[in-house]
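The values are calculated or read from the model by the stated rules, or taken from the named source; none is laboratory data. Given the structure is predicted, the values throughout are model-derived calculations rather than measurements. A quick note on method: Cβ atoms are made from the backbone with ideal geometry, for glycine too, and the neighbour counts reach across all protein chains shown. Accessible surface areas use protein heavy atoms only, side chains included; no ligands, DNA or RNA. Shrake-Rupley method; radii C 1.70, N 1.55, O 1.52, S 1.80 Å.
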Amino acid sequence: MSAHKKRWVLRDPAPADFLATMRDRPAVVATLLYQRDLRSQASIASFLSSDYKSGLHDPFLLKGMDAAARRVAAAIAESEPIAVYGDFDTDGVTAVTLLMQAIGAMGGDIRPYIPHRLREGYGLNIEAIDQLAAEGVRVLITVDCGISNLREVAHANAHGIDVIVTDHHTPPDTLPDAYAVVNPKQPGCAYPYKQLVGVGIAYKLVQALARLGVKMPLRGRDLLDVVALGTVTDMGPLNGENRVLVRAGLESINASQRPGLKALVVAAGLVQGKITSTDISFMLGPRLNAAGRLDDAVLAYQLLLADDFSAAQQLAERLNQANRQRQELTKQIQQSARQQATDQSKHENRIIVLDNAEYPAGLVGLVAARLVEELGRPVLMLERGEEVSRGSARSVPGFNIFEALTSCEDLFVRYGGHSAAAGFTIATANLPALEQRLLAYADAHLPDDLLTPALEIDAEVPLGQLSWELLAQIAVLEPFGQANPQPVLLSRHVHVAGAWPRGAEGQHLKLRIDDGAGGPAYEAIAFRLGKLAHYFERHPWLDIAYTLEAHEWNGTRSLQLNVKDLRRAQ
């Protein structure tokens, strides 16, 4: 029995010759470094220090940055109206926030534009450009979007607007004819780190402006709180330059005087000074994203730039309410989509395509991601419209969903994304053809082994060896996130001394476990496994895969196992 029907893969420990060079570190930590391809003293030192001063690359190594920065600097100097146009997710909103704050402090005449998810959709649109042109905008900076907007950039050009595209999504074969395109993934870009997200590229633009001598009465590091928020929430890999930015950004978050961020931390039930990347992923980011999913992403932008704590508290509470509503709707839609997949016999298709007029476009990406985890195959979900439908795609590791959509690009009104996730707009009449062609593509490009979800386990640790010291040793690898996940540990032949359902409707599972031989007992939490609470009366011995964490309740700290999967002891 595996509770999540996953194949467990225990990664090989570090070889003896590597361990011999790492005698100053515990064997578990040495193995975790080895598994992250950190195998030289120099690479290990660089990763662990993630020094802000030495860990950032020259912004002018980005292709197009010199032209972009000089054009923005000239616009600031000449008081030309500038607009920053962002996506409606947290990456886009934080990038808009950053440039509004920085360029505004530099003396620029700048205004924001964040499109409404439902009324306008993703990316640049003609109506927005017409509005900005009527306002006299001369320079339009896109953040976290624009790389696929060839027609819209041409329309802006016709209005005499200089467009600077900054984006991190996979570029199409033909780039927009913009004044400058800044995207580390574009052909011919020599920038050494390709995985910056939208807000990270916006930060590089600010760095470039500072290098050109544009004065700003802010320290660049004062902007890193929003860089960390956007990078972690957008699931940017936490290695290389992203790791440096997020690590410094977490320091900024924990000391921030930004009223909106302080109010958001309080609303999320967190304590400033103890915020981690995990808190961004599961507590702060979802609240910021909820604005664009159910209401208007401008709410999140207003919160981050609020200059009054009282007003910020009201905005944070609105985001809290939107997040609660989002959670309930997500649960309902997931149940409906799972049933649809079963009723239409799609649940075993190599790619699952689900559409319904009742699936809100703002939530289909979240639900698709959960169905991928549950069903172990790529999922596309769409809000079906009479003429046009909007959807999101999520994939399994190893299968590039953006390339799959590109094979059908003639069917889309627009689309964009990267290997793991994508968004698109499509004529509803084209949905049958889309499903047919994606299934054929999957038959040719999606092997069977990718359809069995795997749980990678980093190290095996006897239950009795869990300690605060081990937790501190693992913590040197923080911040955790994409490409640097929190290590998953395995303890075998664990005894369940008690099991209780927890949470609304008993959906979660609380365990008390020990080694069955008088050793120390530990608390464990298993999310969405409350239905198994009575199973352990008959089968009390388990193998358990988990992450180790500190749990705080009523002023008391204890070690807790966050269960990723469990099975009967082998």
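What the table below lists for this structure:
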item	result
Angle in degrees between helix 285-294 and the longest Cα principal axis of the chain, rounded to the nearest 10	60
The chain, accessible surface, carbon-and-sulfur percent (1.4 angstrom probe)	49
Helix-only mean residue ellipticity at 222 nm for the chain, each DSSP H run of n ≥ 4 adding -39500 (n - 2.57), per residue, nearest 500	-11500 deg cm²/dmol
Listed residues Q507, L489, A526: farthest to the positive end of the dipole of the range 475-534 (Cβ charges)	Q507
Per-residue SASA entry for Y193, accessible area with 1.4 Å probe, Å² rounded to 10	30
Per residue solvent-accessible surface (Å²) - the chain, probe of 1.4 Å	42
Cα centre as origin, Lys/Arg/Asp/Glu Cβ charges: the chain dipole, Debye	1120
DSSP bridge orientation in the chain - percent antiparallel, rounded to nearest 5	60
Most to least packed among 89-101, 127-139, 163-175 [average Cβ atoms within 10 Å]	89-101, 163-175, 127-139
Separation between Cα centres of the range 512-556 and the range 426-458, rounded to whole Å	36
Ordering of 16-26, 196-206 by packing [mean C-beta count within 10 Å, highest first]	196-206, 16-26
Principal-axis tilt of helix 309-343 within the chain, Cα atoms, nearest 10 degrees	70
Cα Rg, Dmax, the range 76-233, angstrom units	14.5, 41
Cβ-derived FRET efficiency at R0 41 Å, E460 paired with E552, nearest 0.05	0.90
Positive minus negative residues near A404 (Lys, Arg vs Asp, Glu; Cβ under 13 Å)	0
Nearest-0.05 FRET efficiency for Q335 and A255, computed from C-beta distance (R0 60 Å)	0.90
Between the range 178-216 and the range 129-176, the alpha-carbon center distance in angstrom	16
Given K531/K564; K194/K564; K185/K346; K331/K531, the pairs whose alpha carbons are separated by over 23 Å	K194/K564; K185/K346
Using alpha-carbon coordinates, inclination of helix 90-105 to the longest axis of the chain, degrees	50
Net charge contributed by nearby residues that have their C-beta within less than 11 Å of E80 (K/R +1, D/E -1)	-1
Packing rank of 225-232, 534-541, 320-327, where each peptide gets the mean count of other beta carbons within 10 Å, highest leading	225-232, 320-327, 534-541
Convex hull of the range 418-486 built on C-alpha atoms - directionally averaged projected area, nm²	8.0
Accessible area in the full protein assembly, largest first, 1.4 Å probe, for E549, E386	E386, E549
Alpha carbon centroid spacing (whole Å) that separates the range 308-367 from the range 63-117	31
Set of lysines with alpha-carbon distance to K274 below 21 Å, sequence-local pairs under 8 removed	K262
